[in-house]
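Report on one structure; see the data block that follows.
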Amino acid sequence: MEEGKLGKAYDLNLLKRLWPYGKPYLRIIFIALIVSVGITIFTLATPYVSKMAIDRYIIASWYKVQAGDSSQQAIVEKYAALFQPGARDEERFISHTNTRKLDPMDMHVLETGGVLAETYYKIPPTAKTLPILEKLESSSIKAKDGDWFTPTILVNSLPAGEMAALRARDLTGVMNLGLLLLVLAAGAFYLGYLEYNLLEKAGQNIMADMRLALFTHIQSQSLSFFDKHPVGRLVTRATNDIENLNEMFKSVLVTVFKDMFLLLGIIVVMAYMDWRLALVCYALIPVVVICAFVFSALARDAFRQLRATVSAINSFCQERFAAMAAIQLYAVEAHQMARFEKINEQNFLAGMRQVRVFGVFLPVMEFLSHLGLAVIIWYGGSRVLGEQATLGTVVAFISYLRTFFRPLRDIAEKYNIMQAAMASSERIFEFMDEDQTLDLAKNPVVVKDVKGDAAFDDVSFCYETDKPILQDINFTAKPGEMIALVGRTGSGKTTLMHLLFRFYDPATGQIRLENKDLRDWDLKALRSHMALIQQDVFLFAGSIRDNITLGDPEITDEKIASALEQAEAGFVYNLDKGLDHHIAERGINLSAGECQLLSFARALAYNTEILILDEATSSVDPQTERAIQKAILKIAGKRTTLVVAHRLSTVERADNILVVRQGRIVETGTHQQLMEKQGHYYKLRQVLSN
C-alpha cells in the first residue's frame, strides 16, 4: 500500500489477521470488557440515583383519596397495593411516584375528583416532630402505621428549623443517596483506572509482539528486499504504523464495546422509567445514524488527502535534510523553499477540508443533543404537569441524553484512529507477506575444517531487471591467497562479493566454499567464516568495544587488543576511556580513517578464514591507506583475502588479479604478468596514473 493511502475503516480480513496477536491476551481483554460493563453500570446508576433522590425525598409528596367516593373506591380496589390506609377507613394515600403506575383514565378520574389538587408530606412521629405535629394536628391526618400526612403548603410555611425537623427523614435519605453517588463515583474511578491499565498492558504487549514479528521478518530478508524498500519506510512500519495499531487496540476496540453497552443500557433504562418519553427520544436515533454515515464518507476522503500530503512532506523533508550540504553548496535554497511551500499549501488545504468536515459534524451532534433536550423538557414537562411522569424521571432523562451523545461525539476521533490503524495494518501485512528470503537448505552440510577455499563456476547474475550484472564468472581462491578484483565503477565487483556472502543467489552457475555449494550451507555458519570491510563504514552509537565485538561474548579484550594491533589501530588507547570510549551515531566524532581502521579491527577480531575488502582504502587519507596495506601484509598467507580496489597500488602484491569489465572477467594474472601483457589492466593503470 502506498504511503498516504487508506484502507477501509473496518476491514474484517485485516481484523482476522490481527487476531493471532490479540489471542494470547484475550484474558486481559476479557477482564477489561467486564470492567467496562461495571463502569457502564455505575454510569447508568448515577442518574437513576438522582431520580430517586428527587422523587422519594426532595419532592416526597402524597395524595389523599376518599374511598367513600364510588369512582375513587374502584381505583383504590384496583390498585390496593399502591395505596396506604389512613386512620379512618375511607381515607387512602398514594405517593406521587406511584401515580405514574396508574392507568391514564384512572388518573383522569383522580384529577377531575380534585385528588391531585393538594399534596401532603409523610412525617414520622419522633421526639422532635411530635411537638410540631401537635400544632398542626387539626390540618394533619394520621395513618394507620402511625405516620402523619401534613399538607405540603403548611410544612413549607413553617420556620426553617421546624421544617427541617419535619423533613429529617427526607434529609437523611438525600444524604444516604449522596453518599451512594460518592461510592459510585469512587467505583467508576477505580474501574476506569483498572480498565486503562488493562488496555495499556494488552495494547503494549500486542504492539511489542507485532514489532518483534515485523523486525524478525525484515531481518530474515535478503538484500534484494532492502534494495526495494527505503530505510525510512522500514522504520515507519516498525514505529508509527505499529503505534497506530496500539492506539486502535486501547482506544477503539474495547471502548466500542463499552459504548455499545452504555448506549444499550441507556435505551433500556429510559424505556423502563417511561417508555412513552423514551420512544420520543428514540426518534432522534435514525437522524444520528444518518449523520454518522454521511460523516464517515466525508471524513474518509478528507483524511486520505491529508495523510497523502503529510507523507509527501515527510518524504520531501527527509530527502532535503539529508542533502542539505548540496543544497547550500549550490545555493538553491529558494528553489527548494518554493517546492516546499507548494507541498505545504496542499497539506494546509487538505487539513482545512478535514476541519470543515469536523466543523459540521460536531455542531450537528451538539444540535441534535440540544434538540433531544428540548423534546424532553417539552414532552417530559407536559407529562410531569399531567402527573404522568415524575420530575426525577425528566431530570434522569436529561442526564441520560447527555451521556448518550458523548460516545457519538467521539465517533470522529475513533473513526480517524480506525482508518489510520487499518491503513497501517494493511501496510504491515503487505511487508510480512512479501517474502524475499533465500531458500535455505533443509539438511545443511557440516564442514568442520574450513580453510578458505572458494570458487565461482560459470556464475551469472542479474537484479530484478533482465540486464545481466555478471556473466560467466569463473575463478578460484585457494586458502591463504590474495585475490584482487579491479575494474571501472559499475563493472560488478561489489555484486560479485555479495554473491560470495550469499546476500543473493546466482541466476546460473555455482559458488562453492570448501567444495560445497553455498546453497547447501547453513547461512549463519557460512557467513561466520567471512568478514567484510566496505568503503562506507557503519559504526553503531556505543563504545568501541561494542562496535568491535557486536555483542559476541567470545571476543575477549585480549582478542580485541590483538585485532587492533594487526589493524594498526593503536590510536584507540589514546582516546578517553580506551575501549570504553563512546562513539557517536555513524562515528561522527572519529575521523574517516579511524572509522575504517576500527572496521578493519572488527573484521580481524572475528578471525574468519576469508576476508573481503571492498574499496576499503578508496576514501581514506594516504596515512590510513598505508596502515591498511601494512595490516593486509601482516595477515597475508594466514587467510584467504579478496580485495576490490580502484587504487591499483593496493592490489600490486595480490597472488591473482581479476580484471572485471561489463560483468565479465576479461583478464587474470599477477601484477607483473598483466603489465607485460599491456591489456585492460595496463590501460586502466595508465588512465588512473594520468
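The values are calculated or read from the model by the stated rules, or taken from the named source; none is laboratory data. If you're wondering where the values come from, they're calculated on a predicted model, not measured in any experiment. Methodologically, a virtual Cβ is constructed for each residue, glycine included, from the backbone with ideal geometry; neighbour enumeration extends over all protein chains shown.
Quick notes
- Residue check for ARG356: in the same structural domain as ILE417 (by TED's automatic domain parsing), buried (at least 16 other Cβ atoms within 10 Å of the Cβ) and either at pLDDT below 90 or in contact with a Phe, Trp or Tyr (Cβ under 7 Å, 6 or more places away or on another chain) (or both): no
- Hey, PHE367 closer than 30 Å to MET273 by Cβ and among the aromatic types (Phe, Trp, Tyr) or not: yes
- Looking only at the range 284-319, and only at residues there that are more than 31 Å from the chain's Cα centre (by Cα) and free of Cβ contacts under 8 Å to residues at least 12 places away in the same chain, the one that is surrounded by the most Cβ atoms within 10 Å (Cβ to Cβ): ILE285
- Entirely in the range 430-503, the strands (runs of 3 or more DSSP E) that have 1 or more residues that are acidic (Asp, Glu) and surrounded by 14 or more Cβ atoms within 10 Å (Cβ to Cβ): 454-462, 468-477
- Pairs linking a residue in the range 518-541 that is under 16 Å from LEU590 (Cβ atoms) and in contact (Cβ under 8 Å) with a residue 24 or more places away in the chain to a residue that is β-branched (Val, Ile, Thr) and surrounded by 17 or more Cβ atoms within 10 Å (Cβ to Cβ), with Cβ atoms under 6 Å and 6 or more positions apart or on different chains, are LEU539/ILE583.
- Test set (1) buried (at least 18 other Cβ atoms within 10 Å of the Cβ); (2) over 13 Å from ALA389 (Cα atoms); (3) within 60 Å of the chain's Cα centre (by Cα); (4) at pLDDT 80 or above - ALA60 fails condition number: (4)
- The set of residues from the range 191-217 being within 22 Å of GLU247 (Cβ to Cβ) and of a type in the set (Val, Ile, Thr) comprises just one member, ILE206.
- Residues in the range 530-549 that are exposed (fewer than 15 other Cβ atoms within 10 Å of the Cβ) and over 31 Å from the mean Cα position of the chain (by Cα): ASP536 only.
- Of all residues in the range 395-409 being more than 19 Å from LEU362 (Cα to Cα) and surrounded by fewer than 22 Cβ atoms within 10 Å (Cβ to Cβ), the one that is nearest to the chain's Cα centre (by Cα): SER399
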